[in-house]
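Working notes for the structure below.
The values are calculated or read from the model by the stated rules, or taken from the named source; none is laboratory data. Fair warning: this is a prediction, and the values are worked out from it, not measured in the lab. We place every Cβ from the backbone using ideal geometry, glycine too, and count neighbours over all the protein chains shown. Just the protein is used for accessible areas: all its heavy atoms, side chains included, with ligands, DNA and RNA removed. Shrake-Rupley method; radii C 1.70, N 1.55, O 1.52, S 1.80 Å.
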Amino acid sequence: MTSEQPLPQEPTLTIAQVVERTGLSHDTLRYYEKAGLIQRVGRTTGNQRRYEAADLAWLEFLIRLRETGMSIADMQRFAELRARGDATVPDRLAMLREHRADLADRIRALRRNAASLDDKIDHYERLLDQPGSDALS
């Protein structure tokens with residue numbers, strides 16, 4: 001005679017715990033759910049949101065996408081493709097490759113801009129080191 005043991009359930013997180021771990025606000029988490037960026041989150045019998053580890057990992061990836069400048073519309077498109085399953089992997093890969101290429105372009109532009117700022121900072125520091133110089137440009 002064997003008794004079936006229920007599988008241990010992985011611990012879930014409250015919205016407050018997810019806020020603390022991700023830095024996203026309560027409002028942002030609710031918006032992400034309404035906007036379709038995250039699947040409908042599980043709820044307790046008291047209707048409180050409970051996030052699983054997979055939800056947290058997905059949220060952290062969404063944060064990376066947002067921080068790298070992906071638009072909400074593109075994030076929604078990516079989330080929609082993800083929700084449709086493995087058949088969309090080629091489309092998701094193409095989206096990420098395109099976004100990565102755009103990011104690389106922006107990084108190159110930022111480096112050029114930083115170099116220009118460094119040149120101007122050096123210029124002003126040299127001017128300040130010269131006694132009696134009023135030729136600030």
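The table below lists the values:
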| quantity | calculated |
| --- | --- |
| Charge context of LEU24, other residues only, Cβ under 11 angstrom, K/R +1, D/E -1 | 0 |
| Given charges at beta-carbon only (K, R positive; D, E negative), |dipole| of region 58-137 in Debye | 440 |
| Surface accessible to a 1.4 Å probe, MET95 within the full protein complex, Å² | 20 |
| Cβ-defined net charge surrounding ASP105, 15 Å radius [Lys, Arg +1; Asp, Glu -1] | +4 |
| Kyte-Doolittle mean at least -0.5, axial Cα span of 18 Å or more - DSSP H helices of the chain | 53-67 |
| Packing rank of 77-84, 65-72, where each peptide gets the mean count of other beta carbons within 10 Å, highest leading | 77-84, 65-72 |
| Alpha-carbon centroid distance for the pair region 85-116 / region 44-66, whole angstrom | 24 |
| Residues of the chain: accessible area per residue with a 1.4 Å probe, Å² | 74 |
| FRET efficiency for ARG50 and LYS120, using Cβ-Cβ distance with R0 set to 41 Å, rounded to 0.05 | 0.20 |
| Sulfur and carbon atoms: percent of accessible area, the chain [1.4 Å] | 51 |
| The chain, relative contact order [Cα under 8 Å, separation at least 6], % | 17 |
| Ranked order, ASP105, ASP55, ASP119 - accessible area, probe 1.4 Å, largest first | ASP119, ASP105, ASP55 |
| Modelled FRET efficiency - R0 30 Å, ARG112 with ILE72, Cβ distances, 0.05 increments | 0.60 |
| Size of electric dipole in region 15-90: Cβ of Lys, Arg +1 and of Asp, Glu -1, about Cα centre, debye, nearest 20 | 220 |
